[in-house]
Amino acid sequence: MNVIDIVSLVLLVLLIVSGFIAFKKEEKSKNDVIDKMKNDNELKSVSLKLVVPLKIQAYERLLLYIERIQFPVLVKRVFHPAISKNDFHFSLMQNVQDEFEHNLSQRLYVSEATWQLVVLAKEEVLQNVNAVFNDSENEDTATIAQKLASFENPIGEKAVMDIKNEFNSL
């Protein structure tokens, strides 16, 4: 064997080894991508397992909020025979606002459209309460309570339907 044969053999061995190393690197890179995809899918799966119950709870809480600000329910909860007109007015407004603030974090789990309907339902109630009190200066508290209890909440009903639709699309 001459020098050229030895050099050719060494070069051939080096070429084979470098090809093998490149192949292994490419294989490792592909495996890393596959592992990352698996981890991403696992993360999404875990995320869904955590988020879905929170979304369900948000839908439940927002439905309960809408129910609690329906005029018959709200009046029944706040009115008592000895309450003054000013205290009744204040209590109604405060109750709607406090309930709303208690549920602010639910905004994170519902669509913006649904959240806006919840906000509009709250505003509808507050505006109607103010309107009834402004139009009933000469009426007693019990009469005002009866008027309010007969009001409907169309935006609240639309919010309920929207929440249910969003829930059903989970």
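The values are calculated or read from the model by the stated rules, or taken from the named source; none is laboratory data. On a predicted model such as this, the values are computed, not experimentally measured, just so you know. Methodologically, a virtual Cβ is constructed for each residue, glycine included, from the backbone with ideal geometry; neighbour enumeration extends over all protein chains shown. Only protein heavy atoms, including side chains, enter the accessible area calculation; ligands, DNA and RNA are left aside. Shrake-Rupley method; radii C 1.70, N 1.55, O 1.52, S 1.80 Å.
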Considering only segment 1-41, state which residues are at pLDDT 70 or above and not in a helix (DSSP H, G or I).
-> 2
Residue check, residue 111 modelled with pLDDT under 95, open to solvent by 40 Å² or more (accessible area, probe 1.4 Å) and either closer than 24 Å to residue 50 by Cα or among the basic types (Lys, Arg) (or both) | no
Of 123, 137, the only residue that is modelled with pLDDT under 95 and loosely packed, with under 15 Cβ neighbours inside 10 Å is 137
Quick one: is residue 76 at pLDDT below 95 and in a helix (DSSP H, G or I)?
-> no
Given (1) open to solvent by less than 50 Å² (accessible area, probe 1.4 Å); (2) without any contact (Cβ under 8 Å) to a residue 24 or more places away in the chain; (3) in contact with a helix residue (DSSP H, G or I) (Cβ under 9 Å, 6 or more places away or on another chain), number of the condition residue 131 does not satisfy | (3)
Could you give every pair whose Cβ atoms fall below 7 Å, whose first residue belongs to segment 144-162 and is open to solvent by 10 Å² or more (accessible area, probe 1.4 Å), and whose second residue is acidic (Asp, Glu), counting only separations of at least 6 or pairs across chains?
-> 155/124
Residue ID - most open to solvent (accessible area, probe 1.4 Å), chosen from residues in segment 42-52 that are at pLDDT below 75 and either touching a Lys or Arg at 6+ places or on another chain (Cβ under 9 Å) or charged (D, E, K, R) (or both) | 44
Identify, by number, the condition in (1) assigned to a helix (DSSP H, G or I); (2) at pLDDT below 95 that residue 67 doesn't meet.
-> (2)
